[in-house]
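Some notes on the structure that comes next.
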Amino acid sequence: MIPAPSPAYVDVVLPRRLHQPFTYIIPSELKGRVAIGRSVVVPFGSQDLHGLVIAVHHRLPPGAPQKGLKAIRSLSVGSTDHLLTADQIGLSHWVAERYAAPWGQCIKLVLPPVDRVGASQTRYMAPAQGLATNASVEPLGETETELLARLRRRPQGIMATTLLKGDKSRTTLALQALIQKGLVSRCEERAAQKSVRPANQQSQLSGGGLPMESVEAVENLELPHAEAMSWSAVLEQALAKKTFVSLLLEGSHCTRQWCLAQAVRATLRLGRQALILTGDVEHASRLADSFAAEGEQPMLLHSGLSMTARAAVWQAAQEGSVRILIGTRMAVFAPLRRLGLVWVDGEDDASFKEEQVPRYHAREVAHYRASRDGAVLVLASNHPSLESLSAVQEGRMTACKYRDAGELPAVHVIDMKEYPRDASGGTVLSPPLTEGLREALRQHALSILYLNRKGFASVLHCGDCGAMPQCDACSVALTFFRRSNHVRCHYCGRTKPVPEHCSRCQSLKLEPVGSGTERVEEAVRRLFPQARVGRVDGETIRRPADARALNRLLAAGELDIVIGTQMIFRLGLEGRALCVALPDADAGLHIPDFRSAERMYHALRDAAELARPASEGGRLLIQTRLADHHAIMALSCGDEEVFVRQEQAFRQMLQYPPWTRLVRLDVSGTQEAMVSQAADRWAALLKAQAAGREPMVVVLGPSPAPHVLRRGRYCWQILIKSASLEAGKEIAVRTREDVERESRRGGLRYDIDVDPVSMA
């Protein structure tokens, strides 16, 4: 029997903003060693890149050029240990198609951390022929001669990172010429690996979590009998089907944790794996601690781990030794092959959406993986997103709502229109809020003040002309920090001293406007000088050690009042405070985003969960100038439907999700006039494509982005609304190819964000 010939060509996906694979020749020395899913080193322009083989061919594939094809340089270091499966490659391709992203960028998501660019090291050496005289060889250029002389002086070779410093393109071309002449050789070396402890050990967990002794084992939590029986029945029925089932679980933190424990145990009994996703590292660490307290060995995967630790977890998942994997959005791509449960905790959390290319949403990727692998998907939250509630209403998900009205604290709405403004134009702490703090201090109980704004004031405002100091690189007002006496850009982080006068009119009347955590802390310390006050924001919690120190103070009861941004929700303080207050509950409504009301309501619900129940004296104080807003009214009357019905009516009237699908297009560059012209051109092409389409597609814009200048780049936006996601995405992708072809110069970038979470 004549053996089948070895493949001669491969299609390789490269880790660049490229939407199609490239064809390469398999050199004779690699015949029989190159397979689908293998990482290889290939020449691309003047560089050598690590790419992934996604197809092999015995003949020249259709569409490939007859001449000019380049050959694979080598296999990547360690590529024989990490052969990607068809499922992993398929997952990356699904993300590329779903989010209109370059496949090369999506391949990075499923590659093991050790295979990422930079994990291997390239060394160049001059072999025997290169070290000998080159009199018989054709003359060399100046750069080639210099490189060869350098390599002759270093018999052990020189690393690429050292050799390619300076004029990289000229050096690369000279090296390629020397390699072709046999005067220089190129070899790949594995980067040194450090030893890794098991990922479930406490030393591997994030330093932001609570100390181990304060973590309550999941088995000690309780759920009312009727709800426990209901969840057990739903879970048993879902797992028995051994096919895809999607559930929406609504309940408090403790309820969700108890239900999660039951679901994981049932999944493990069936010999399948559990994947648990959460929005932040601290919550992931606390969940891991809870399971570890029961004797399980969960593994963590998140950006807080070193690359070496991530690689160890990835390898364990690839080998099938992981039973429970807990992590942030990156963990959704872990190579688990026996998935039985995919749990997304806090499914409405905006951090599940990746804001850089590829702009995937981990909740949607989790849905795809669960449906493909026949697993049970549970979206869990204290306040589900309107998209998930809509899926329940349409029969695409089953709702499991476990809510006890007695869990809520007593809600007091403080209408700030009834209180005069202070000298700086605002009232930080109203008399009712001050009295609430005083009562908690009398009872030696914890108080929490939540305000999602750092600094002393949002802006500095000129009392004469109204101008505000702005960032030189971003079109945003600078936040004022009084303690360190500087102003800082919220986006790019640039800081500078507080200006002495207005840059527009030279007035000295620069006044702080709006309240931040620093200003609230100052007001609290002035009113209650004996109170032990702690602040939780990006200024006070910069390192894991800062978080650990704060956790020790909280665990020992050595803080009376805690003031913080959203970081406060990561401390595991649910049900601990007698008094919880929002000094400026309306702050988030001023953001130009149709989801701002939903985010406000979710923040109110999260704040309420920090307080004790009303039966134990717990109080939630809401300072607002919009006391009749439907989010505040829903919380004050304890009826979620008040918010949901009103918000759904607004969304339907304005045709925003979940009633329609959105695609946001960004055009950015360093010259505003070119950006504006390019955005106009793209919008014109889109509107021509959208005209007369069924189902209807609406193109809005272009218009300057809410922050038109960010990090030195101007940005204009276009919004596509459509009843069908595919319809809107199709014209976006098709017209992007046209505008990119027309404007290859000028540093312009055209980005597509499918199902955007943030509009600002």
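The values are calculated or read from the model by the stated rules, or taken from the named source; none is laboratory data. Worth saying up front: this structure is predicted, and the values here are computed from it rather than measured. Here the Cβ is made from the backbone with ideal geometry for all residues, glycine too, and neighbour counts use every protein chain on show.
Numbers at a glance
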quantity: Identity of the residue in segment 541-598, within 23 Å of the chain's Cα centre (by Cα) and loosely packed, with under 14 Cβ neighbours inside 10 Å, that ends up farthest from LEU433 (Cα to Cα); calculated: ARG543
quantity: The lone exception for THR670 - which of (1) under 27 Å from the mean Cα position of the chain (by Cα); (2) within 19 Å of ILE720 (Cα to Cα) it fails; calculated: (2)
quantity: Members of segment 593-631 found to be under 14 Å from PHE643 (Cα atoms) and among the hydrophobic types (A, V, I, L, M, F, W, C), listed by number; calculated: ALA597, MET600, ALA603, LEU604, ALA627, ALA631
quantity: PRO583 under 30 Å from THR660 (Cβ atoms) and touching a strand residue (DSSP E or B) at 6+ places or on another chain (Cβ under 7 Å); calculated: no
quantity: Strands (runs of 3 or more DSSP E) enclosed by segment 1-72 - at least 1 residues per element that are at pLDDT below 90; calculated: 39-44, 47-57
quantity: Residue check for GLN506: at pLDDT 80 or above and more than 25 Å from ILE568 (Cα to Cα); calculated: yes
quantity: Any hit, segment 342-355, residues being out of contact with any helix residue (DSSP H, G or I) (no Cβ under 8 Å at 6 or more places or on another chain) and buried (at least 19 other Cβ atoms within 10 Å of the Cβ); calculated: yes
quantity: Which listed residue is farther than 26 Å from SER285 by Cα and either touching a Ser or Thr at 6+ places or on another chain (Cβ under 9 Å) or at pLDDT 80 or above (or both), from VAL513, VAL536, VAL562, VAL580; calculated: VAL513
quantity: Enumerated strands (runs of 3 or more DSSP E) restricted to segment 486-547, each holding at least 3 residues that are touching a residue at least 60 places away in the same chain (Cβ under 8 Å); calculated: 510-513
quantity: Meets criteria (crowded, with 18+ Cβ neighbours inside 10 Å, polar (S, T, N, Q) and within 30 Å of the chain's Cα centre (by Cα)) for THR267; calculated: yes
